[in-house]
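The values are calculated or read from the model by the stated rules, or taken from the named source; none is laboratory data. Predicted, not measured: the structure shown is a model, and the values here were computed from it. Backbone-built Cβ (ideal geometry, glycine too); neighbour counts: all protein chains shown.
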Amino acid sequence: MFTSAQLHLAKVFLKIFLRNRQSIFFSMLFPLIFTGVFFFSGGPSDPIKLGLVNMSQSDIASQFSDLVIAEPSFKVTKGSLVELKEELILGDQTAIILIPEDFTFMEGSSQLSLILDASQVRQASSIQETLENSLLAIERDVRGIKPMFNLVVEDVQARPQRYIDFLLPGILAYMLMNLCIAGSGFNIVEYRRRGILKRLFVTPIQPKDFIVAIILSRMVIVLTQISVMLGLAIMLLDINVVGGLPSLYGMVILGTFIFLCIGFFLGSLAKTQEAIQPIVALTSFPQLILSGVFFPISSMHEFIQPIAHVLPLSVVVSGLRGITNDGMALLTLNSTTVGVGIWMAISFLVAIKYFVWKEVAN
């Protein structure tokens, strides 16, 4: 399958990487940082910091105030309106509930005031909705009214999904793209600077042998890094790969091939380290935004969606997410696998076309 020259050259490139201890350290640091951030950021959400001002002396207002304090989604601070407004401006309170003097439960007779600083509260609308729902439940308790129905959420896939379950495949794909494009693109520029390409140019090695050797060596490095992060995610974040690890690693290998070939193309265009950095940034950053790493592509503007769906990072994210969350098999014939196959062909042909020994070596 692979020639002896390709395997030997792959071992040489792998040894070059392993001699750089600083590179090894930082390449393993990112998976640890990523997993640690999500491990320590888990748990229930913090209660809403709510100031409570009771201007009424009625028993019903006192009862309502006690129920607000007992609500687990609120962290209530009682005080005067002036004091709580100062805390609100400083960001110590999220909102203030003002109970007026004429507060009663006669229909249409009184009105609660919700005071907040929209410039300080980024989720003002969602907090207002949470407050309204909680206050309606408290009102029912005061009136002694039982709810007419309970809403039971049932997942059609019969499995729970957290945001980290949605996010992890996207982060894996983005990490894969960065490791591969930076690895192959920066390596070509560095090998050119150090004269390695010139020395290889006078040998019988063909461009495809060089590309295959780089792909094999980087594949070992990438799979090691991905395995570290995936192992930590499974152990610490309780991630479940529904489609199985063999399918997941198969998609990782296909994605690695795509991005390494793209890196070869970019490295062939750039002549210096200063040139390759903005080229890689222009290639990677738009895909981070448009490829559904942090939020679904369907939530974007309709004009952007057709473009976003065909990006190479999008098809890899979709494949990893389908395997991890939906149990998709690697060999399932659908738009994702077709897209991966098309990008493999395009990236390899472009890499072969633009990687010309004489031009790249010089």
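Taking (1) surrounded by 17 or more Cβ atoms within 10 Å (Cβ to Cβ); (2) among the hydroxyl-bearing types (Ser, Thr, Tyr); (3) modelled with pLDDT under 80 in turn, THR104 satisfies each apart from (1). Under the condition of being within 24 Å of GLY339 (Cα to Cα) and either more than 26 Å from the chain's Cα centre (by Cα) or not assigned by TED's automatic domain parsing to the domain that holds SER184 (or both), the residues counted in region 268-286 number 0. Of all residues in region 49-66, one or more are under 30 Å from ARG162 (Cα atoms) and modelled with pLDDT of 75 or more.
Each row is one residue, and each column tells you yes or no for (1) surrounded by 21 or more Cβ atoms within 10 Å (Cβ to Cβ); (2) of a type outside the set (Gly, Ala, Ser); (3) part of a loop (DSSP other than H, G, I, E, B).
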| site | (1), (2), (3) |
| --- | --- |
| ALA281 | no, no, no |
| PHE285 | no, yes, no |
| ILE289 | no, yes, no |
| ILE307 | no, yes, no |
| SER314 | yes, no, no |
| VAL317 | yes, yes, no |
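Mind listing just one residue for me: the one in region 225-277 that is among the β-branched types (Val, Ile, Thr) and in contact with a Phe, Trp or Tyr (Cβ under 7 Å, 6 or more places away or on another chain) and, of those, surrounded by the fewest Cβ atoms within 10 Å (Cβ to Cβ)?
The selected residue is ILE276.
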